[in-house]
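Report on one structure; see the data block that follows.
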Amino acid sequence: MAFGRHFLLEERFGRMIGYLNGIVEYLEIDNAVIDVNGIGFNVKISASTADRMPGIGEAVKIFTYTSVREDAFELYGFLSRDELGFFKLLITVSGIGPKGALSILSVMSPDDLRFAIMAGDAKTLSKAPGVGKKTAERMVLELKDKISNEDIVSGHAGGSISGIASGDDDGASREDAVSALVALGYSSTDSMRAVRNVIKANGSDLDTEAILKLALKELF
């Protein structure tokens, strides 16, 4: 019963505060106080977010997730909806709670995580604080189907480079380019990122050879 009650509270209040729009009153590596019309909200933030926050006294809009526990009611904050979306994905993984997800996002961007997960690169994921080999493998297993090709192109969390696994001709060209880069010794994560960058910069009508040449320039 306690677990069920907690789940209902999390569902009900987790979406209660969508974002805060106010002034940075206080800032440290893992916490910020945002003054919204005279009320100071304590917000848990990642080290990456702390690095990108505006200075004390400056305006900020921070997207939030409300974590409800029997002994705590905490706000977690992010400077983009993308980071918030990936945070929500991470906490669906067995064994990763809000603090663990925030720790991961302190050292890996959503894009880094997307590429590593889609490439099945548990080794890269296991370098994040508190993420061992088994947790990294669970992240790949549980999140791979929740990240789409479109997510990687557009930068949104949520079902491989656009078309890379879609079975169309363009997708086959990109997949072949990634495979060729991996055969040359590059990691799957770096290969997917390079090909994604090539497609974004040059369009989707490139053949495998053209993609490969441009991707190699990206990697050099």
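Here are the numbers for this structure:
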{"read-out": "Net length gained if the chain between Tyr19 and Phe73 were fully extended (0.36 nm per residue, minus Cα distance)", "value": "17.9 nm"}
{"read-out": "Cα-Cα over 27 Å, subset of Lys133/Lys217; Lys123/Lys144; Lys88/Lys213; Lys61/Lys123; Lys61/Lys127", "value": "Lys133/Lys217; Lys88/Lys213; Lys61/Lys123; Lys61/Lys127"}
{"read-out": "Proportion of all alpha-carbon pairs of the range 81-146 beyond 15 Å (%)", "value": "40"}
{"read-out": "FRET efficiency for Glu209 and Asp111, using Cβ-Cβ distance with R0 set to 35 Å, rounded to 0.05", "value": "0.85"}
{"read-out": "Percentage of interatomic Cα-Cα distances in the range 59-113 larger than 17 Å", "value": "34"}
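Here, each number is a calculation from the coordinates, and none is a lab measurement. Fair warning: this is a prediction, and the values are worked out from it, not measured in the lab. Quick reminder, even Gly has a Cβ in these numbers, built from the backbone with ideal geometry, and neighbours come from all protein chains shown.
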